[in-house]
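Here's the structure we're looking at; comments come further down.
The values are calculated or read from the model by the stated rules, or taken from the named source; none is laboratory data. For clarity, every value in this text was computed on a predicted model and none was experimentally measured. Neighbour counts run over all protein chains shown; Cβ positions are idealised from the backbone, glycine included.
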Amino acid sequence: MSRPPARLDLGALSLARGGHLLLRKALLALPAGGTLEVVGADPELPVHARALARAWGAPFHPHDATVVLGAPVTPEGRWRGAVRSGAPGQVVAEPPATWGLAARGAAVEAGSPAFRFPWSRRDEVWTDEAGRLYLQAAAAQWDPVTAVPWATGFDLPDEVEDAVVQLMTYLVENEVAALLVPARFCAQVHPHFREIVQLLAIQAADEARHIEVFTRRALLRRPAPALSTAGGQASLQTLVEEPDFALASFLTSVLGEGSFLTLLRFLDHHAPDPVTAAVCRLAAQDEARHVAFGVAHLERHARLDPTLRLRLAAAVERRHDALRHTAGLNEEVFDALVVVAAGAWTPDALRRGWDAVVALQEEMDVGRRVRLRRLGFEEADAARLSGLHTRNFM
């Protein structure tokens, strides 16, 4: 005996105004070979039911006052031919371009457009630390308005305030470069590697916040920032225009921001006022994550690609050659560091300040060599490459 059809009464509800939800639910509940009788007051019911049946892969049988639909050929209906974009917790080696913007593990409908993402191979962008670093970064976000004691009263000698303003001006332009690099690559990495995209996005947000607080500190006691030099801008231009993801990460995060991390801790320690100390300390917390991501990503990449270290070394040499005619760290920034480290405008204090800045540069060199050795460089090569790094620090 044939099974009698199930029945769905839509009443006055049109399939074009929400009734399709009831229809789809009823069809998916049908057993294999089952049928569904649909009745309702809407005169357009047969027209709309036919269109939905075609889209869902369900047999359609018109009658005088009702329509009868069979169970869909597949439960997915219109998703016939859809392909899963991997599994939610699994990163594939080379996601297809047609996975596009889909969430990892989503069913991607057949005929979806192909997107061009230049960086779409796992081994070029991935680190297993990405998820942890992103969660850490998200939890460590801070508000520039409330995290910095802007209202704290202090009064610095004019020479010291001018030195702080020069340093803040220098920090701003370097942080602009550090924002532009991850922002550019954020749009070029395949979204399947969502943790990497999220890290790059939050890194750009960090730098935007640094630009805000450094600018605000520069203008706290002065009407305008100080000097931006041609040599400094030329140095940063080589970072902004580097087209290769690994090389840009290496030059910007591992070498540049690694050195900058040392600089920010130096400024936190020698800051002549609580606002300068706070903005440098907070920025250093963020920069430490940026450096950790760059090192982790490149450590993995170097293990998988034995030629990567050669490319990294060549990038340092190429950048050094491109900047060989520039002045490196400008005189104004160096002198401002001496003044801030001195803490007083006396010969003995300035001598201590000078020695502190020389020690800062040596500490930066040590840090770069440590990170280079983590990437697999021998000590001699690490020392040589660290010595070739731009004197502009970033």
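Of all residues in region 100-144, count the ones that are in a loop (DSSP other than H, G, I, E, B) and either assigned by TED's automatic domain parsing to the domain that holds Ala201 or of a type outside the set (Asp, Glu) (or both).
Of the residues in region 100-144, 27 are in a loop (DSSP other than H, G, I, E, B) and either assigned by TED's automatic domain parsing to the domain that holds Ala201 or of a type outside the set (Asp, Glu) (or both).
Any residue in region 328-351 that is acidic (Asp, Glu) sitting within a Cβ distance under 7 Å of a residue that is assigned to a helix (DSSP H, G or I) and modelled with pLDDT of 95 or more? List the pairs, counting only those 6 or more apart or interchain.
Once the first residue is acidic (Asp, Glu) and sits in region 328-351, its partners that are assigned to a helix (DSSP H, G or I) and modelled with pLDDT of 95 or more give Glu332/Gln166.
Give region 176-195 a look and list any residue that's hydrophobic (A, V, I, L, M, F, W, C) and not in a helix (DSSP H, G or I), or say none.
Selection gives Ala187, Val189, Phe193.
So in region 219-235, with the set limited to residues that are of a type in the set (S, T, N, Q) and out of contact with any Leu (no Cβ under 8 Å at 6 or more places or on another chain), which one is surrounded by the most Cβ atoms within 10 Å (Cβ to Cβ)?
Thr229
Check region 72-82 and report whether any residue there is surrounded by 17 or more Cβ atoms within 10 Å (Cβ to Cβ) and modelled with pLDDT under 90.
There is at least one residue in region 72-82 that is surrounded by 17 or more Cβ atoms within 10 Å (Cβ to Cβ) and modelled with pLDDT under 90.
Hey, could you check region 350-394 for residues that are in a loop (DSSP other than H, G, I, E, B) and among the charged types (D, E, K, R) and say which is farthest from Phe293 (Cα to Cα)?
Arg391
Just a yes or no: is a residue in region 285-302 assigned by TED's automatic domain parsing to the domain that holds Asp206, free of Cβ contacts under 8 Å to residues at least 24 places away in the same chain and on the phi < 0 side of the Ramachandran plot?
Within region 285-302, none of the residues are assigned by TED's automatic domain parsing to the domain that holds Asp206, free of Cβ contacts under 8 Å to residues at least 24 places away in the same chain and on the phi < 0 side of the Ramachandran plot.
What single numbered condition from (1) in a helix (DSSP H, G or I); (2) at pLDDT 95 or above fails to hold for Pro149?
In the conditions (1) in a helix (DSSP H, G or I); (2) at pLDDT 95 or above, Pro149 misses (1) alone.
Which one of these is loosely packed, with under 14 Cβ neighbours inside 10 Å, at pLDDT 90 or above, not β-branched (Val, Ile, Thr) and not assigned by TED's automatic domain parsing to the domain that holds Glu109: Ala16, Ala32, Ala12?
Ala12
Taking Arg216 as the residue in question, decide whether it is surrounded by fewer than 17 Cβ atoms within 10 Å (Cβ to Cβ), outside any loop (DSSP other than H, G, I, E, B) and of a type in the set (Lys, Arg).
yes
With respect to Gln198, determine if the residue is in a helix (DSSP H, G or I), among the polar types (S, T, N, Q), out of contact with any Gly (no Cβ under 7 Å at 6 or more places or on another chain) and modelled with pLDDT under 95.
In short, no.
What pairs come up if the first residue lies in region 354-373 and is within 22 Å of Ala302 (Cα to Cα), the second is of a type in the set (Phe, Trp, Tyr) and buried (at least 18 other Cβ atoms within 10 Å of the Cβ), and their beta carbons are under 9 Å apart, counting only those six or more places apart or on different chains?
Within 9 Å, the pairs are Arg369/Phe377.
Among the residues of region 318-349, which ones are more than 14 Å from Leu263 (Cβ to Cβ), among the β-branched types (Val, Ile, Thr) and either in a helix (DSSP H, G or I) or out of contact with any helix residue (DSSP H, G or I) (no Cβ under 9 Å at 6 or more places or on another chain) (or both)?
Val339, Thr346
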